[in-house]
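To start, the structure under review is shown below, and the notes come after it.
The values are calculated or read from the model by the stated rules, or taken from the named source; none is laboratory data. Since this is a predicted model, take the numbers as computed values, not measurements. Counting neighbours? That spans all protein chains shown, and the Cβs are built from the backbone with ideal geometry, glycine included.
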Amino acid sequence: MAKKIAKSITQHGEVRQDPYFWLRDKTNPDVIAHLEAENRYFETLMKPVAELQKTLFSEMVGRIQETDLSVPERKDDYFYYTRIEKGQNYQLYCRKYETVDAREVLLLDGNELAKSHKYFRIGNFSASPSHKILAYSTDTDGDEVYTTYFKNVVTGELLPDQVPNVYYGMAWGNDDKTIFYTTLDSTKRPFRVHRHVLGTPVSSDQIVFEEPDERYYVELTKTKNSKYILITAESKMTAEVFYLDANAPGGKVASVAGRRPGVLYSVHHHNGEFLILHNDKALNFELATAKAGDSAPEKWKTLIPHRKDVFLEGIEAYKDWMTLTERENGLRHVRVRRWDGSEDHIVAMPEPVYAIQLAGNPNYDARTIRFNYQSLVTPSSVFDYELATRQRTLKKQQQIPSGYDSSQYESERTFAIASDGQRIPVAIVYKKGFRKDGKAPLLLYGYGSYGINSEATFSPARLSLLDRGFAYAIATIRGGSEMGRHWYENGKFLAKKNTFTDFIAAAEHLVKGKYTQPQRLAIMGGSAGGLLMGAVVNLRPDLFHTVLALVPFVDVLNTMSDATLPLTVGEYEEWGNPDDRKFYDYIKSYSPYDNVKPAAYPNILATGGLNDPRVPFWEPAKWVAKIRTVKTDKNLLAMKINMGAGHFGKSGRYAALEETAEQYAFLLMTMGITR
């Protein structure tokens, strides 16, 4: 075995030792051997519950529609949809012409494309304006670096054009042969937009836009009316949008409204005007209009003003209507408005706690929109909503073939009180008959970063816990945007610890309310939610019995101090730059890896992916190794590194269910539940 190297890191005159720095090098055979040994140890731990894991997997498979079909979505004269058949891991991408009863045309078979690959995922999927050419991208190792292919869907021919090193987002010019795409820099940041003309060498593709500032990511979209290609360069705090006439795709880009530090904005287009959703002196965002081509900030006219208690999340512009997604008191709603002002209403929801998400709705002339509705007890449901009449039509509801009766489950919403007096919403679901006597097991979920919201969604897999007496809860902690933009701002930078103390307050509230007790309380979070897991177990290891830390971002100080790593520079506006002493000290005070100490830790399962570009595998590996050396308990400490996947785990629906069953089996085992 090669000698293990501890690295000394000097910052601000301090020297700190990183004894597990050597685990960062996946080309080192010792590192691979270490990960494989951890995986074997985990397999050994799980042998006593092997049958339980099989049972859980069987239950989860029994709750999915193994042969299934999505609701067809109309784009121009075509209906696009996906379907999947029993035994298949991947979807078939299909379409029909003019009516849903027409002959099916198979565009892509994910199962065929996935052959010979351990991992497979389709990223972009976009038909040309004439619908004759399909552009799609694939990732075959989980690092989220895609290759784009082009297929003539009339002849079935795969075109010779292939574009490597691309990211999510592409846009077609209206000439049916020009396509714009983003590529990645050495840190896997989308930073360039290229223009490709079908039939020409990819090597000669022009760079249309390049963003040198490593804080900014570049995104590509197209306005719903197909008038403009939009390029957005956006950091966590500032954005600039550029536009290009889609009817003249060989032209140059121009800025919509420049770039001003601290101002975020996005752009839509309608009737000769840009619609600009922005936060300039408007914390919860407001909507302005400006003439296309003459849209400097001083020309903006407010259409929907800022509201203190309503967070304006997004808009969609149609020919006669606009829809607004707004968030108030922790819940999202959809507002519908006519451009002429004759109609303005909120789409009514049937439950007090729910999740709603607008679907693609690609047609500019739409009179009907589509949305997905679900709750903790209501399966995912697709509705068509007629804008003028307010009539909704259920197009499809997620089926549970093995049986599901929503009346047998209950959900509620309660509020914990944070250390500074803030009310923290907590959504809870359990099976009827659940007794609040403190004896039941409960799984508490949290995330709380990037302004990302934790929604009260339905999970068929979760029924395996509820049916075994668990309650499941979601803590709406600061760092998300559920309660408005201020909720996010008060959970980042030098206020990041609010995220952790909010979660602890939610856990204590559930114990006080006798939903559970510390010896029956499990917690779960992934990625930045895994940071949450690591932070709260350092703060209150006595409060939790089991921790599921999925791809956890736990080595915060070291990662944020290394600008060569993917994502780091762009993350300065979320966590702060440790080169600044005040951020260094603050991050150091909560970074899970740096704050591991001798203590009785809960049972812990940490996961990771060898090819993960977002949270490198070494973060959970180093964290687990360090805890092993200092923990004073006999609880389980396990790690599972997927050696052929990335941030999102295994690809393929059955493989994903196997991972969930494995994690649930670990959780149940620690609770003494073996059936």
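Some points to look at:
- Subset tally (residues that are out of contact with any helix residue (DSSP H, G or I) (no Cβ under 6 Å at 6 or more places or on another chain) and touching a residue at least 60 places away in the same chain (Cβ under 8 Å)) for the range 618-635: 5
- Whenever a residue of the range 500-523 is of a type in the set (Ser, Thr, Tyr), its partners that are part of a helix (DSSP H, G or I), lying with C-beta atoms within less than 6 angstrom and at least six residues away or across chains, give the pairs THR516/LEU510.
- Note on the range 76-178: enclosed strands (runs of 3 or more DSSP E) holding 1 or more residues that are of a type in the set (S, T, N, Q) are 78-84, 121-127, 133-139, 146-152, 158-172.
- Qualifying residue in the range 106-122 (condition: touching a helix residue (DSSP H, G or I) at 6+ places or on another chain (Cβ under 8 Å) and crowded, with 20+ Cβ neighbours inside 10 Å): yes
- Residue in the range 255-291 that is farthest from TYR488 (Cα to Cα), counting only those that are part of a loop (DSSP other than H, G, I, E, B) and touching a residue at least 40 places away in the same chain (Cβ under 8 Å): ASN271
- Residue in the range 108-116 that is within 19 Å of the chain's Cα centre (by Cα) and basic (Lys, Arg) present: no
- Of all residues making up the range 278-315, the number that are surrounded by 21 or more Cβ atoms within 10 Å (Cβ to Cβ) and within 19 Å of ASN453 (Cβ to Cβ): 4
- Criterion applied to VAL61, VAL49, VAL15 was being without any contact (Cβ under 8 Å) to a residue 24 or more places away in the chain, out of contact with any Pro (no Cβ under 6 Å at 6 or more places or on another chain) and either loosely packed, with under 14 Cβ neighbours inside 10 Å or part of a helix (DSSP H, G or I) (or both), and the one residue passing it is VAL15.
- Scanning the range 490-536 for residues that are of a type outside the set (A, V, I, L, M), out of contact with any helix residue (DSSP H, G or I) (no Cβ under 8 Å at 6 or more places or on another chain) and crowded, with 24+ Cβ neighbours inside 10 Å yields a count of 3.
- Test result for LYS622, within 26 Å of LYS54 (Cα to Cα), surrounded by 21 or more Cβ atoms within 10 Å (Cβ to Cβ) and of a type in the set (Lys, Arg): no
- Residue match in the range 425-445 (condition: within 30 Å of GLU574 (Cβ to Cβ) and among the aromatic types (Phe, Trp, Tyr)): yes
- Taking the criterion of being in contact (Cβ under 8 Å) with a residue 60 or more places away in the chain, more than 18 Å from ILE474 (Cβ to Cβ) and out of contact with any strand residue (DSSP E or B) (no Cβ under 6 Å at 6 or more places or on another chain), the residues of the range 361-393 that qualify are ASN363, TYR364.
- Enumeration of residues in the range 168-187 that are aromatic (Phe, Trp, Tyr) and either modelled with pLDDT under 95 or not assigned by TED's automatic domain parsing to the domain that holds LEU220 (or both): TYR168
- Applying the criterion of being buried (at least 20 other Cβ atoms within 10 Å of the Cβ) and in contact with a Gly (Cβ under 9 Å, 6 or more places away or on another chain) to the residues of the range 129-142, the residue that is farthest from GLY609 (Cα to Cα) is TYR136.
- Helices (runs of 4 or more DSSP H) wholly inside the range 438-529 containing at least 2 residues that are closer than 28 Å to ALA282 by Cβ: 485-489, 497-512
- All told, VAL347 falls short of being touching a Ser or Thr at 6+ places or on another chain (Cβ under 6 Å) and of a type in the set (Val, Ile, Thr).
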